[in-house]
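> Submitted below is the structure of interest, expressed as C-alpha cells.
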Amino acid sequence: MSPEEFLRGIILSQQKIFSFSLFSQKNIKNSISSITTILSYYLNFFLLLIKSGYLTRLIVIVIYFGLASYVNTLAAVLAGWRTPNLVVIRPADSIVKHRLPDITHDFLGHISLSKIFPQEFDAIFHPNSSLNDIILPTIGISMIVFVLLHPSRILIFRRGLLCFGTINMLRCISVSATTLPDASFVCAQQFGSIDGLYKSKTMFPRAFWRAIRVMSNPAGNVTCGDMIFSGHTVFFLIVGLTFYTYFQPKYCTSTLFRYLNSITNGWFLFSLRWSFYISITIALYIIIASNLHYTIDVLLATIITFSFWWTIHAFCTVKELREKSKFFSWLESDTTHQIDIKLDKSIADKCH
C-alpha cells in the first residue's frame, strides 16, 4: 500500500467517525426530546388529576376503606372478649358440642374425602386447616396484579374499595349486635388455654392495640365470635365480581390483554375469569368445611355482597340514580367519568 492510499484511508475513516458522531448526537437529542415530551405529558395530566379533584376522590375512598377495615377488625376483636363458652347438648343424638347445630357441618361430618380423593384431602379440609390463610392472600395478590394491568385500574379500585368498606361497616354492626359461640375448634380451645388469657383481662384499651395486630398479621392473630356474617366470603366474592364485571374483552383494551387474548383465540380472559371463579368456590367450601363459619354466615355474606355490589354500581353508572345522591354525584361526577375515559384511552394508546 502506497503512502497516498494509507493517508486516504485514514481520512475516510475519520470522516466516518465524524459522521457517526453527528448521527449519535442527533439520536441523543431526539431521545432527550422524546423523554421530555413524555414527562411533560404525564406531568400535565397529573396536574389535571389534582385540579379536577380526581385523585382526591380516590384518596377519600382509600381512607374510608382503611377506617372501615379497622372498625370492622375492632368489632371482631371485641367479639372475641364476649364469645360465650356454651355447651350445646342435642338430646336426640346425645351429642355435646361447643358450637351451634349447622346442617352443612353435620352433612360434611359424615363425608370422608379420602374415599373419593387421596388421603391428603382430609388433612386439607380438616376443621383445624389453615388453608384459607394461604388461599386468601394468593387470590388477593393475584387480583391486585391483574387490576394494576387493567386500563381502568383507578375506577376499579375506587368502586371496589367503596363497596368493600361499606360492607365492612355493616359487618361491624352485625358482629357487635349479637355474639354467637364460634364454630371453630381453635376458638373453643381458647377457653382454659394460654391463647385465651386475653379474655380475662380488661377489654379497653387493649382491644385497640389487638385490632392493629390482627390487621397487620391476620393469620397469626385469630379472632373469635365474629360469626354473622363472614368477612372471608365478602372478600372472595368481591374478587369474583371484579373479574366478572371488568375483565371482559370490551374493557380490557390494553395491548397486553389484546395480545394474550389473540394468541389464545379469545380464551385468555375467559380462562382467567373461570380460574378465579373455581378458586373462590373452593375457598367458600373450605370456609364452612373447616368450621371457620356457620352456613348462615356465608349465605348472608353472599346476599349482602351481591346486593351492595350491584346497588353501588347502579348509582355509579346510572345518571338518574346518581343525581339523587349528593355523595355519588360528587364521587362519580361527569368530570370524573370524562377522566376515567381519558385515562382508559391514554393507557391503552400508550401500550400500542
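The values are calculated or read from the model by the stated rules, or taken from the named source; none is laboratory data. Being a predicted model, the structure only gives us computed values, none of them experimental. Note: ideal-geometry Cβ built from the backbone for every residue, glycine included; neighbour counts use all protein chains shown. Accessible surface is based on the protein model in full, side chains and every heavy atom, while ligands, DNA and RNA are left aside. Shrake-Rupley method; radii C 1.70, N 1.55, O 1.52, S 1.80 Å.
> Residues that are closer than 21 Å to TRP309 by Cα and modelled with pLDDT of 85 or more: does the stretch 200-214 have at least one?
Within the stretch 200-214, not a single residue is closer than 21 Å to TRP309 by Cα and modelled with pLDDT of 85 or more.
> Does ASN85 qualify as being over 24 Å from PHE235 (Cα atoms), open to solvent by 70 Å² or more (accessible area, probe 1.4 Å) and either at pLDDT below 75 or over 30 Å from the mean Cα position of the chain (by Cα) (or both)?
Taking the combined requirement at face value, the residue satisfies it.
> While we're here: Yes or no: the stretch 143-164 includes at least one residue that is at pLDDT below 90, under 14 Å from LEU292 (Cβ atoms) and in contact with a helix residue (DSSP H, G or I) (Cβ under 9 Å, 6 or more places away or on another chain).
no
> I need every pair where a residue in the stretch 201-227 that is assigned to a loop (DSSP other than H, G, I, E, B) has its Cβ under 8 Å from the Cβ of a residue that is at pLDDT 80 or above and open to solvent by 90 Å² or more (accessible area, probe 1.4 Å), sequence separation at least 6 or different chains.
Qualifying pairs under 8 Å: ASN221/ARG213; GLY225/ARG82.
> Separate question: Take the residues in the stretch 286-314 that are hydroxyl-bearing (Ser, Thr, Tyr) and touching a residue at least 40 places away in the same chain (Cβ under 8 Å); name whichever of them is nearest to THR166 (Cα to Cα).
Result: THR305.
> Also: Tell me, which residue of the stretch 227-248 that is open to solvent by 10 Å² or more (accessible area, probe 1.4 Å) and among the polar types (S, T, N, Q) is modelled with the highest pLDDT?
Among residues in the stretch 227-248 that are open to solvent by 10 Å² or more (accessible area, probe 1.4 Å) and among the polar types (S, T, N, Q), the one modelled with the highest pLDDT is THR245.
> Might you check whether a residue that is open to solvent by 80 Å² or more (accessible area, probe 1.4 Å) and touching a helix residue (DSSP H, G or I) at 6+ places or on another chain (Cβ under 9 Å) occurs anywhere in the stretch 214-226?
yes
> Would you point out the residue of the stretch 201-213, among those that are open to solvent by 60 Å² or more (accessible area, probe 1.4 Å) and among the basic types (Lys, Arg), that is nearest to TYR70 (Cα to Cα)?
Going through the qualifying residues, I end up with ARG213.
> Filter the stretch 249-277 down to residues that are on the phi < 0 side of the Ramachandran plot and open to solvent by 90 Å² or more (accessible area, probe 1.4 Å) and give me whichever is nearest to the chain's Cα centre (by Cα).
As a first pass, look at the stretch 249-277 and keep what is on the phi < 0 side of the Ramachandran plot: 249-264, 267-277.
If we keep only those that are open to solvent by 90 Å² or more (accessible area, probe 1.4 Å) as well, we get 250, 258-259, 263, 267, 274.
Details: LYS250: 22, ARG258: 23, TYR259: 25, ILE263: 28, TRP267: 24, TRP274: 17 Å.
Checking each candidate, the answer is TRP274.
> So which pairs qualify, if the first residue must be in the stretch 315-326 and polar (S, T, N, Q), the second must be open to solvent by less than 60 Å² (accessible area, probe 1.4 Å), the Cβ gap must be under 7 Å, and the two must be at least 6 apart or on different chains?
What qualifies is SER325/PHE315.
> Given the criteria part of a helix (DSSP H, G or I), open to solvent by 30 Å² or more (accessible area, probe 1.4 Å) and of a type outside the set (Val, Ile, Thr), does PHE191 qualify?
Here the answer is no, as PHE191 does not meet what is asked.
> Another question, if that's okay. Among residues belonging to the stretch 88-100 that are closer than 30 Å to ALA207 by Cβ and open to solvent by less than 80 Å² (accessible area, probe 1.4 Å), point out the one that is modelled with the highest pLDDT.
LEU100
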